[in-house]
Amino acid sequence: MPSRLVPGLAALSFIALLIGGAFFGLGAEALKDPSGAVAAFDGYLFRIARFTLWQAVLSTVLSVLPAIAVARALSRHPSFFGRGLILKLFAVPLALPAIVAALGILALFGRAGYFAGIASTVTGSPWTGIYGLSGILVAHVFFNLPLATRLFLEALQTVPADQWRLASQLGMGARSTFRLVEWPVLRAAIPGIAGLVFMLCITSFTIVLVLGGGPRATTIEVAIYQALRFDFDPARAVALTATQIVLTVAMIALLSRLGANTTGDANLSVARKGYVSVPPGERVANILVIASALCFVAAPLAATVLAGLQADLVRLFGEATVWRATRTSIILAISSAMLAAVLALALVVARHTLELARPRATRGSWLEQMTDSGVGFVLVVPPIVIGAGWFILLRSTVDVFTVAPVMVATVNAVMAMPFALRAIRPAYDAASERHERLCAQLGIAGWNRLRLVDWPVLRRPLATAFAFAMALSLGDLGVIALFGSDAVQTLPYLLLSRMGSYRTEDAAGLALMLGLLCLILIMAADWLGREASHER
């Protein structure tokens, strides 16, 4: 067995142990009280499942349909002042922790938000805040409208320039151009993009936890958290987890058939040479569409910054609790990012080793597929489900709150690993094509190969994967919501606890700090990724 295969097999075993252990804990608990687990499949569970699907459907429709109009408006105007800035702004929600965005939306539409007075005037009664289904929908659209817009715009950019030129020469109007040139491309992209948005909404946890506002607006993942953290009802948690897994697996299977693709959304060109003549009336309509989308995305971001600046930041920076939470968050994020990068690199090397060992004309083995696209299926199991399984498994042997740092870092690393793998694999494959034969002839292997041959090429991709994984871990609230305590607090957990105690100004200040940290990391990952692609 080649030595380069061993770390990849160890990484697969580690991932299997983490997910398998969670399922074992859930299964063992179900076998202890099978009647209780079966009885948990009651009207309450099915009502939650129905609401989970309903809010995901509404969020998808409200995100995808406007995104088509916004992407088309941007495509019809391939070069104007500020277009690149708009595209960069549309990438910000993808890097923003969900709890920070929820705070921004509450700063706008909460009971004491900037628009509370206007809302009270319009409704004729005191404004109670944007909680429940409306708050969930607004937050989901805030996150997914920019994502869907960028993906639709990427699809429109695949239209050959000859078709735009021909449409211009034939004098096609906006309606004919949309029907004959743009709609075929958009129609082919809709199923995959809508399926992706639906999956993101059906597995949403933080947004529903913060903006749900009560039992009538609760999704399955939030119900799992409540069943373990507040009610301590393991039987119900098992039933809810089984339901969540069935729904998520069904969506992943549908996504694979639809061919959803999110690999290119960060690499849109700022301008594209086009041959589109836009009449004045359509130009005004497009300006209104783009401006409306820009205001919708920018308003919560601006509200987050304004609310954060109004907080007593000097006092917050002086609090020992804030410094402990910040230190804990950074340590856990660094640990998670290092583990994610190591796992991704081990899997990339193992996959390439297996590919070299087989004839080119034959199909890759099951093991090779598992080291490649197979590891992406870890996203089938939401973090809260893995945390729930290990919470139940460990509670009878150790104090679950003492192992919180290990669980948070481990689960976040495995969840970030597919994204890290996507950043590392192209650079490693390209370098291997150049150096593989020479290394074999000179007998360079092991540590010497990594130090002399692979490291100079992988340095930037690994840094990209590290920064991205660190940002994902830094803003995560899924696992720490279960395992967090007064002794182990991260910035998102501390932010949630300040919100729960109605210290909204402190929460706004913490949200500003957390958002800035994550944005800096994502910007660093983006810059490192672009530099690495230029080097290749």
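The values are calculated or read from the model by the stated rules, or taken from the named source; none is laboratory data. For clarity, every value in this text was computed on a predicted model and none was experimentally measured. Using ideal geometry, Cβ is built from the backbone for each residue, glycine included, and neighbour counts are taken over all protein chains shown.
Tabulated values for the structure
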quantity	calculated
Some residue of the stretch 112-119 being among the hydroxyl-bearing types (Ser, Thr, Tyr) and under 23 Å from the mean Cα position of the chain (by Cα)	no
Unmet criterion (only one of (1) buried (at least 21 other Cβ atoms within 10 Å of the Cβ); (2) not hydrophobic (A, V, I, L, M, F, W, C); (3) not in a helix (DSSP H, G or I)) for Arg150	(3)
Among (1) modelled with pLDDT under 90; (2) within 23 Å of Thr158 (Cα to Cα); (3) surrounded by 24 or more Cβ atoms within 10 Å (Cβ to Cβ); (4) of a type in the set (Gly, Ala, Ser), the one test that Ala91 misses	(3)
Boolean, Phe81 is free of Cβ contacts under 8 Å to residues at least 40 places away in the same chain, surrounded by fewer than 15 Cβ atoms within 10 Å (Cβ to Cβ) and outside any helix (DSSP H, G or I)	yes
Test: Ala56 is of a type in the set (Gly, Ala, Ser) and modelled with pLDDT of 90 or more	yes
When residues of the stretch 444-488 are limited to those that are assigned to a helix (DSSP H, G or I) and hydroxyl-bearing (Ser, Thr, Tyr), the one surrounded by the fewest Cβ atoms within 10 Å (Cβ to Cβ)	Thr464
Test: Ala440 is assigned to a helix (DSSP H, G or I), in contact with a Cys (Cβ under 7 Å, 6 or more places away or on another chain) and of a type in the set (A, V, I, L, M, F, W, C)	no
Check on Ala148, closer than 21 Å to Met199 by Cβ and of a type outside the set (Lys, Arg)	yes
Within the stretch 1-44, tally of residues that are exposed (fewer than 15 other Cβ atoms within 10 Å of the Cβ), outside any helix (DSSP H, G or I) and either at pLDDT 85 or above or touching a strand residue (DSSP E or B) at 6+ places or on another chain (Cβ under 6 Å) (or both)	1
Those residues of the stretch 497-530 which are among the charged types (D, E, K, R), under 20 Å from Ala463 (Cβ atoms) and either outside any helix (DSSP H, G or I) or in contact (Cβ under 8 Å) with a residue 12 or more places away in the chain (or both), in sequence order	Asp526
Members of the stretch 381-417 that are buried (at least 16 other Cβ atoms within 10 Å of the Cβ), over 22 Å from Ala341 (Cβ atoms) and among the β-branched types (Val, Ile, Thr)	Ile384, Val385, Ile392, Val400, Val403
Selection count where residues are in a helix (DSSP H, G or I), closer than 30 Å to Ala223 by Cβ, in contact with a Leu (Cβ under 8 Å, 6 or more places away or on another chain) and not aliphatic (A, V, I, L, M), scope the stretch 174-212	4
Index of the failed condition, Leu494 passing every other in (1) at pLDDT below 85; (2) in a helix (DSSP H, G or I); (3) over 20 Å from the mean Cα position of the chain (by Cα)	(1)
Of residues in the stretch 92-147 being of a type in the set (S, T, N, Q) and in a loop (DSSP other than H, G, I, E, B), the one nearest to Ala298 (Cα to Cα)	Thr128
Close pairs from the stretch 314-327: first in a helix (DSSP H, G or I), partner small (Gly, Ala, Ser), Cβ under 6 Å, at least 6 apart	Leu316/Gly509
Among residues of the stretch 111-131, those that are on the phi < 0 side of the Ramachandran plot, free of Cβ contacts under 8 Å to residues at least 60 places away in the same chain and either of a type outside the set (D, E, K, R) or in contact with a strand residue (DSSP E or B) (Cβ under 9 Å, 6 or more places away or on another chain) (or both), counted	13
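Per-residue answers, yes or no, for (1) in contact (Cβ under 8 Å) with a residue 24 or more places away in the chain; (2) closer than 30 Å to Leu495 by Cβ; (3) of a type outside the set (Val, Ile, Thr); (4) in contact with a Leu (Cβ under 7 Å, 6 or more places away or on another chain):
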residue	(1), (2), (3), (4)
Ala357	yes, no, yes, no
Ser365	no, no, yes, yes
Gln369	no, no, yes, no
Gly387	yes, yes, yes, yes
Thr410	yes, yes, no, yes
